[in-house]
Amino acid sequence: MNPEDIMAYHARSFAPAARLLPRRGRLLIARLYVLCRTVDDIADKIGGAVGQGQLQKLHDDLTSQYPKGRLGIEAHNLFHGRPLGLAAFAELVSSAAADTGAVCIADGPTLDAYCMGVAGTVGIMVCAIFNIDEVHHAKAANLGKAMQLTNICRDVAEDARMGRRYLPFTHCPYDPRDIAAGVPEAVEAAEAAMAALLGEADELYISGRSALAALPLRLRLAVASAAAMYEGIGSELRRREYQPLEGRAIVPKERKAGLAVRAILGELIQKRKWENRSDHASA
């Protein structure tokens, strides 16, 4: 499968949004998606010492002037002349290597560092491959972190069954096995933690969207629609009052389409308002 086919098969939010990009932009995003997806699969599906070793080897390739492995070579090619993008990918790989076994996040700062490593870096990489000024990278990273917090809240039960608890201990002081087993106190704490984290995600979405105007129009629309679809997951979790053991929250295709269209129209309206203000100011 080529990168675009792989992204279309796996990425339920990113693939539809990427269709808004011109052909070259879609291919760049698809190549980036495949790199990140492969790293994620090594951490999750292989995991343990073997997965950690493979990711460490990839990290060594990324920091080498002459990479030898297929993934290392592809990353060097994708980020050629864009050292911030390559450094962000190396950080993602390093973060994934530390996430190959049981995980119990201790507190908010630890969770923020994790989200930055596995998702904030993706925002920076997108900026890098589209040559977006570095001044906007922090807000792009915030958007990535918002999406990761949404993922964490969506996957509480699935992670708990694998011995993982990304909800900080300071919010949810229970073993993941207690959550998976439905221990009432643990589930109640998990629900409260999910509510708190989705509140944090809301602020990060606002921060990330505030930099969208710096992007080329079609990239701006693609990112806005992807963010809106991810926010829809949080809305679905709130609608069902969190309940982590009720199964993965899924936004129906029709609602996703509506969220994407609304986000696109909102960005086009904002663009037009800005152009009108500029016209009046220069008159």
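What tally of residues in the range 110-119 results from selecting those that are buried (at least 24 other Cβ atoms within 10 Å of the Cβ) and either closer than 20 Å to Pro216 by Cα or aromatic (Phe, Trp, Tyr) (or both)?
0
Any residue in the range 73-94 that is surrounded by fewer than 20 Cβ atoms within 10 Å (Cβ to Cβ), touching a residue at least 60 places away in the same chain (Cβ under 8 Å) and touching a helix residue (DSSP H, G or I) at 6+ places or on another chain (Cβ under 8 Å)?
Checked the range 73-94: no residue is surrounded by fewer than 20 Cβ atoms within 10 Å (Cβ to Cβ), touching a residue at least 60 places away in the same chain (Cβ under 8 Å) and touching a helix residue (DSSP H, G or I) at 6+ places or on another chain (Cβ under 8 Å).
Looking for whichever is in a helix (DSSP H, G or I), surrounded by fewer than 14 Cβ atoms within 10 Å (Cβ to Cβ) and either in contact with an Asp or Glu (Cβ under 6 Å, 6 or more places away or on another chain) or not charged (D, E, K, R) (or both) here; the options are Ile179, Ile206, Ile233. Which one fits?
Testing whether each residue is in a helix (DSSP H, G or I), surrounded by fewer than 14 Cβ atoms within 10 Å (Cβ to Cβ) and either in contact with an Asp or Glu (Cβ under 6 Å, 6 or more places away or on another chain) or not charged (D, E, K, R) (or both) leaves just Ile206.
Among the helices (runs of 4 or more DSSP H) lying completely within the range 20-134, list those that include at least 1 residues that are among the aliphatic types (A, V, I, L, M) and within 18 Å of the chain's Cα centre (by Cα).
23-41, 83-97, 108-115, 121-129
Working only within the range 228-245, note down all residues that are more than 26 Å from Ala214 (Cβ to Cβ) and in contact (Cβ under 8 Å) with a residue 24 or more places away in the chain.
Correct list: Leu237, Arg238, Glu241, Tyr242, Gln243, Pro244, Leu245.
Quick note: the coordinates plus some simple rules give every number you see, no bench work behind them. Computed from a predicted model, the values in this text were never measured in an experiment. No Cβ is skipped: glycine too gets one built from the backbone with ideal geometry, and neighbour counts run over all protein chains shown.
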